[in-house]
Amino acid sequence: KISNKADYNQKVAKTTMYNESILDKMANIFDAGVIKDYAPQAPLPSVENMLPSGAVSAPTADSPENSQINTNVQTQGIDEADVSKCDGQYIYCVFDNNFTIYNLQGNKIVDESLAINYSEMYVVEDKVILLADTRTSIYSFDGNDVDLLKTFTYGQYNTSRVYQNQLLLIVNEQVDVNDEDTYENLYYDGCSQVNRVYSIYKYDLKRESFDVVKNLNSGQTKLYTSTNNIYLATTVRKQNIVEDEYYSSMTQQQLTVISIFDYSLNALGAIRVQGSILNQFSMDEYDNHLRVVTTNSFAFEPGRLNALSVYDLDDLSLVGYLDKDIGIDYQTVRSVRFENETCYVVTYQNSDPLYEIDISDVTEPKIVSVYKSPGYSNYLHTFEIDGETYLFGIGYL
């Protein structure tokens with residue numbers, strides 16, 4: 001917690017990533033040797049095809065009329081913004097300064113030209129939420145007309161979510177150390193070289209009330225939301241200068257710092273993970289554990305650049321770790337998908353190994369199968385047909 005300008009100057013502004021940095025003063029589980037060199041595993045099984053043989057028939061049950069078509073989301077029940085939405089009665093679109101609503105027969109109900117270029121949207125009950133770089137507008141829709149209910153402005157829009165009538169806006173703003181309002185509900189992850197504030201604005205769509213928490217970060221952050229917590233991840237570099245009587249040298253370390261907040265916007269703490277994450281799908285919460293897949297570009301040993309880390313969310317301790325054989329030589333992570341107690345990872349340099357990792361024992365993740373194909377998949381998705389689980393990959397050859 002950063003309470004005022006003096007607090008900021010002491011804890012943040014004077015922090016250096018060289019020599020006696022705040023990272024060196026914090027307990028470093030990696031340097032302490034908690035991450036042990038795991039014994040070699042048995043030879044990994046290789047599967048010719050991860051899908052059952054034979055043609056897959058589409059479901060025969062007819063889809064109900066006027067069914068809602070949802071945006072593809074990472075966490076079931078938490079909506080993500082899109083350029084188009086369908087609530088089962090109407091199709092809503094926002095594109096190139098136009099906001100259009102169609103019925104399911106394709107007839108326009110609303111066609112409005114907007115002065116602001118809104119890029120994404122949500123539909124929540126009778127409300128339509130339009131998002132732009134520096135502005136969000138909320139409209140009501142009664143089946144015929146739209147009416148503007150509220151507009152609010154902010155710094156720079158980053159991303160958003162909607163969960164149980166709560167709109168979460170992640171906004172990128174400048175740090176103004178002379179403004180007393182800056183220090184209202186402000187937190188620092190203890191590691192980032194700060195030049196931005198990433199604010200989480202929570203807007204209650206029913207009560208029409210705002211709450212905010214602010215997190216001091218570097219210039220880039222990635223958002224993952226579970227039904228319990230909000231995770232903001234940023235990648236930082238730790239640089240150490242080692243000097244002796246004859247010469248000096250510098251070593252670098254890459255870390256991802258994940259700041260955790262609950263839906264009441266209470267700060268729960270921060271986790272430091274070795275390496276960088278690809279995107280939001282590299283993080284997943286399951287059974288009170290956070291699982292994270294990273295790539296460490298400063299790893300010394302080929303074949304150990306990529307890792308899976310498992311953290312207990314009660315005390316934020318590392319309980320499981322796997323950094324061996326996720327990728328061949330210098331392959332890096334290109335896509336990740338978690339499915340309950342399983343993690344799927346695609347790595348790539350010249351070929352595309354797909355790794356299935358069993359996390360049923362959180363203290364000892366293990367690779368259970370490998371599938372190789374040309375090119376690589378940069379997105380993975382799981383689905384079920386007749387009780388069978390399938391993995392679908394989209395990528396490049």
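The values are calculated or read from the model by the stated rules, or taken from the named source; none is laboratory data. Bear in mind the structure is a predicted one, so any value in this text is a computation, not a measurement. Every residue, glycine among them, receives a Cβ derived from its backbone with ideal geometry; neighbour counts consider all protein chains shown. Please note that ligands, DNA and RNA were not included when accessible areas were found on the heavy atoms of the full protein model with its side chains. Shrake-Rupley method; radii C 1.70, N 1.55, O 1.52, S 1.80 Å.
For region 273-293, a residue qualifies if it is under 16 Å from the mean Cα position of the chain (by Cα) and farther than 14 Å from S335 by Cβ, and the qualifying residues are V273, G275, S276, E285, Y286, H289, L290, R291, V292. Taking V370, is it over 24 Å from V273 (Cα atoms) and either open to solvent by less than 50 Å² (accessible area, probe 1.4 Å) or of a type in the set (A, V, I, L, M, F, W, C) (or both)? So V370 passes the test. Considered as a group, the residues in region 162-213 that are of a type in the set (K, R) and either touching a strand residue (DSSP E or B) at 6+ places or on another chain (Cβ under 8 Å) or free of Cβ contacts under 8 Å to residues at least 12 places away in the same chain (or both) include one that is nearest to T227 (Cα to Cα), and that residue is K202. Flag: D181 does not match the condition of being surrounded by fewer than 18 Cβ atoms within 10 Å (Cβ to Cβ) and part of a strand (DSSP E or B).
Residues in region 99-122 that are closer than 12 Å to V146 by Cβ and of a type outside the set (A, V, I, L, M): F99, T100, D111, E112. Please indicate, with yes or no, whether at least one residue in region 387-394 is of a type in the set (G, A, S), farther than 19 Å from N306 by Cα and surrounded by fewer than 13 Cβ atoms within 10 Å (Cβ to Cβ). Scanning region 387-394, I find at least one residue that is of a type in the set (G, A, S), farther than 19 Å from N306 by Cα and surrounded by fewer than 13 Cβ atoms within 10 Å (Cβ to Cβ), so the answer is yes. Within the option set G77, G88, being modelled with pLDDT of 90 or more, of a type in the set (G, A, S) and touching a Ser or Thr at 6+ places or on another chain (Cβ under 8 Å) holds for one residue only, G77. Identify all residues within region 68-81 that are open to solvent by 50 Å² or more (accessible area, probe 1.4 Å) and touching a strand residue (DSSP E or B) at 6+ places or on another chain (Cβ under 9 Å); write none if there are none. Hits for region 68-81 are Q68, I69, N70, N72, G77.
Applying the selection to region 87-108, what residues are open to solvent by 20 Å² or more (accessible area, probe 1.4 Å), part of a strand (DSSP E or B) and within 26 Å of L223 (Cβ to Cβ)? Selection gives C93, F95.
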